[in-house]
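A.B. asks: One structure coming up, written as structure tokens, with questions to follow.
The values are calculated or read from the model by the stated rules, or taken from the named source; none is laboratory data. In this text the structure is predicted, and so the values were computed from the model without any measurement. With ideal geometry, Cβ positions are generated from the backbone for all residues, glycine too; neighbour counts draw on all protein chains shown.
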Amino acid sequence: MTHSATRIAEVFYNAARRRFEAVVEFFAPGMPSPLRVPVILAIPQATPHPHLARALAAEAARRGIGSL
């Protein structure tokens, strides 16, 4: 069984464009360095943290791992 981990390395809210901009890292055994995926989400600033984290990770997985 393989295990992987996800970490939101950087995140900030761009108020001028009303969106979150983040870098999500994916770690897995055998990878020499984490896969870093930039993500931009246009969601409200008042989004609860658990929902924001899930949305960022899902979008990063779609953009990063899904495109491999």
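A.B. asks: Out of T2, T47, report the one residue that is at pLDDT 90 or above, assigned to a loop (DSSP other than H, G, I, E, B) and polar (S, T, N, Q).
C.D. replies: Numbers: T2 fails: at pLDDT 90 or above.
That would be T47, the only listed residue that is at pLDDT 90 or above, assigned to a loop (DSSP other than H, G, I, E, B) and polar (S, T, N, Q).
A.B. asks: Also, quick follow-up: Out of everything in the range 18-28 that is within 10 Å of S4 (Cβ to Cβ) and touching a strand residue (DSSP E or B) at 6+ places or on another chain (Cβ under 6 Å), what residue ends up being surrounded by the fewest Cβ atoms within 10 Å (Cβ to Cβ)? Walk me through how you get there before you give the answer.
C.D. replies: Within the range 18-28, the first condition is being within 10 Å of S4 (Cβ to Cβ), and the residues that meet it are 26-28.
Filter once more, keeping what is touching a strand residue (DSSP E or B) at 6+ places or on another chain (Cβ under 6 Å): 26-27.
Values: F26: 18, F27: 13.
Here the answer is F27.
A.B. asks: Which of the residues that make up the range 29-60 are exposed (fewer than 13 other Cβ atoms within 10 Å of the Cβ) and out of contact with any strand residue (DSSP E or B) (no Cβ under 6 Å at 6 or more places or on another chain)?
C.D. replies: Hits for the range 29-60 are P29, G30, M31, P32, S33, P44, A46, P48, H49, P50, H51, R54.
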